[in-house]
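Everything below concerns the one structure shown next.
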Amino acid sequence: MAVDDSPWQPTACILCECNCGIEVRLDAGGTRFERIRGDKAHPASKGYTCEKALRLDHYQNGRGERVLRPLRRRADGSFEEIDWDTAIGEVAARLAAVRDTFGGSSILYYGGGGQGNHLGGGYAGATLRAFGARYRSNALAQEKTGEFLVNTELLGTTFVRGDVAHAEVALFVGKNPWHSHGFPHARVTLKELAADPDRSLIVIDPRRTETAELADFHLAVRPGRDAWLLAALAAVVVQDGLADGPWLADHAVGVDEVVAALRAVPVPAYCAISGVDETLVRAAAARLARASSVAVAEDLGIQMNRHSTLSSYLEKLVWLLTGNLGRPGTQYAPSTLAPLARATRPGGAAGGGPQLPVSPVTGAPIIAGLLPCNIIPDEILTDHPDRFRALLVESGNPAHSLADSPRLRQAIASLDTVVVIDVFLTETARLADYVLPAPTQFEKWEATFFNFDFPRNVFHLRRPVLAPPDGPLPEPEIHARLVEASGALDGFDAGPLREAAAEGRAAFAAAFFAASAADPRLAAVAPVVLYRTLGPSLPDGAGSAALLWAAAHRCAQANPDGVRRAGFGEGLDAGERLFDAILTSPSGVVITDDVWDETWRRVATDDGRVHLAVPWLLDELAALEAEAPPGDDPDWPFLLSAGERRSYTANTIIRDPGWRKRDGGGALRIHPDDAARLGLSEGATARVTTRRGSAAVLVELHPAMQPGHVSLPNGLGLDHDDVGQRVVTGTAPNELTSGADRDRWAGTPWHKSIPARIEAVTG
Ligand code: SF4
């Protein structure tokens, strides 16, 4: 593997979906990031970073416990190192035994990548098919699946984004882009919005966040009551005659049903429930309606909260009723190089909800091909014959990241076989029967499929900037070995395809399609076949990028005009040129250059129009009136937001607490009035108790919190090595959460409004 020895090497930040381009300079030993700066050549981020990227050496060289050899659990519970042949042989044999005894459907796959690493997971499908596995899940299924479902119902497409940078009005719902980002140059864009008297920023968030501080309208909703507020906001649009009737007549169906439902919303009462002054709600609705363009972004504040799918729907009704789709500064549907999630096609509303595939034990809806994370323990801890028996985890840490960690640990411990592919000995890896070590994200070819830019969409294939240590194998190699050990490629001779690849990609394409037609088994494990045949011919050891060859061709076929405008020509050559550009653009490349009408081409409803009425969500809207909103239970006087994004939080990827410049222990934020009432001072210790658990936490007095609302950061409660001792820093949020607290449709958890008690710890 070639490692560039120029002083500055391009790569990307791996701490949020923006994946800003960065350049790193190594120290004299070639192992540490001596300096990090934004990469001006990156087509999307253009040199921008936030503070997090500059401390990435704590990921690469931090005090997390690195795994360098395959590990096997001994009978006494400890691990022993084994060689790769033994590990692959035993893992394949155990997965095959589970498949042969209980069926491949009893093998669950979790993960496939985080904020910076999706390339390896792209090969996992081959492994799953080789062992007959059908079910998978990952973090998207505890955050985004409700929104995916709503987008698909309304527009027939999974991903819809807001063009915040060019909007006259930006609306953020349960989102603080100052810390969660979500679009390029987030802080610059927010400041520009705030400084321009002709533009407006509207924020719906219980906290007075950094973004809310910049806002023209801050609708400080009471925690967990977003659905009432969003219903009121959408209702004002209808009741005050602010909807864009001509646009709706041209572009939407189901308008009458939605208008009727929103006319029935008691706006004053819902504003009162939400805790937001009715005048402010009406003023925000009027501002949205009179804007020439509105871009909207929702995030975990509603996606991990009560009524999350309904809230997503109501948020989208606000921008659809005001005609904000498919124009600059509004919403768009991006192109993709490789889809991040499978398309969901609900099959109508019979039976009171969307008709979706369901999980084998609990019958939970599977959205975008993903099992709801919250139901995973219920799919294991049962004597149901179709329960999961084996778990393959790749680049994920469900034992820490998913609701009710104690129960998930119990579920994992009950499985026949648990295999974890990871860089570090994570909380989940410690529960595994086998741990298969991978290089860090800076030691291998890597990429994400978080490609949502518009109109110029960007893909960045990152080169390794450090030599990997001896021992770990990149995920594509692990999957290739597992597939080969499964027997799925027995008798397949890779030689002729390799020879064709050495001749050139035209020869390879012809040979590959001929081989696939002659041997249908190859299609099922195509990523591994590409890796083993095309991979060795790729320059600079870029074999892991082999599956991007197929992705580039699919992208060129699906987006011929955008790919042509991006400079890659037409027809089959366009896919080849796009693939070449990906391989030879170390700072990333524009893959499509769209026009706004492309969004309408990607609207995939049967008639190409917006299907505004979603009957099962309109039923849930109607039922809000009779529901007691959360937060008034004297036994649980606080609502806890578990997993707040802060300046130095990053899910679970950085295990070294030293990376946090501030808030090292991950304090509980509490309003000063609440703290005074409880006798808590800054830095004091409090006990937070939920129905599920209890933890001692440090206290931070924070006027941005509402009285009655407290928050804990995400990514805390990880352990690290401290001079031979394993030390845990902060509180793991999911020791306090319950799997049963979840959205009725998407199964996404209610982490942002957990009933809690707080008391001072004395002595
Ligand atoms: S964490 Fe900051 S630097 Fe890193 S990708 Fe996100 S916005 Fe960019």
Open item on the list: Can you tell me which condition Gly29 does not meet? The list is (1) at pLDDT 95 or above; (2) away from the ligand (no atom under 16 Å from the Cβ); (3) surrounded by fewer than 22 Cβ atoms within 10 Å (Cβ to Cβ), and all the others hold.
Closed with: (1)
Open item on the list: Of the residues Arg463, Arg407, only one is surrounded by fewer than 23 Cβ atoms within 10 Å (Cβ to Cβ) and within 30 Å of Ser335 (Cβ to Cβ); which?
Closed with: Arg463
- [ ] Looking only at region 32-71, count how many residues are aliphatic (A, V, I, L, M) and more than 13 Å from the ligand (Cβ to nearest atom).
- [x] 4
Open item on the list: Quick test for you: out of Val3, Val91, pick the one residue that is among the β-branched types (Val, Ile, Thr), modelled with pLDDT of 95 or more and more than 15 Å from the ligand (Cβ to nearest atom).
Closed with: Val91
Open item on the list: With under 30 Å from Arg32 (Cα atoms) and basic (Lys, Arg) as the only criterion, which of Arg498, Arg463, Arg505 stands out?
Closed with: Arg463
- [ ] Would you tally the residues in region 259-278 being of a type in the set (A, V, I, L, M), crowded, with 18+ Cβ neighbours inside 10 Å and in a helix (DSSP H, G or I)?
- [x] 5
TODO: For region 726-763, enumerate the residues that are assigned to a loop (DSSP other than H, G, I, E, B), over 25 Å from the mean Cα position of the chain (by Cα) and in contact (Cβ under 8 Å) with a residue 12 or more places away in the chain.
DONE: Val761
Open item on the list: Going through Thr362, Thr309 one at a time, which residue ends up being in contact with an Asp or Glu (Cβ under 7 Å, 6 or more places away or on another chain), surrounded by fewer than 20 Cβ atoms within 10 Å (Cβ to Cβ) and among the β-branched types (Val, Ile, Thr)?
Closed with: Thr362
Open item on the list: Given the criteria within 16 Å of the ligand (Cβ to nearest atom) and either in contact (Cβ under 8 Å) with a residue 24 or more places away in the chain or buried (at least 21 other Cβ atoms within 10 Å of the Cβ) (or both), does Ser200 qualify?
Closed with: no
Task: Condition broken by Asp721, with the remaining ones in (1) among the charged types (D, E, K, R); (2) more than 24 Å from Glu210 (Cα to Cα); (3) at pLDDT 95 or above satisfied - done: (3)
Task: Identity of the residue in region 732-762, surrounded by fewer than 24 Cβ atoms within 10 Å (Cβ to Cβ) and of a type in the set (Ser, Thr, Tyr), that ends up modelled with the highest pLDDT - done: Ser738
- [ ] Starting from residues that are away from the ligand (no atom under 13 Å from the Cβ) and within 24 Å of Leu233 (Cα to Cα), keep the ones in region 173-195 and report whichever is surrounded by the fewest Cβ atoms within 10 Å (Cβ to Cβ).
- [x] Ala194
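The values are calculated or read from the model by the stated rules, or taken from the named source; none is laboratory data. Because the structure is predicted, anything quoted here is derived from the model rather than measured. Quick reminder, even Gly has a Cβ in these numbers, built from the backbone with ideal geometry, and neighbours come from all protein chains shown.
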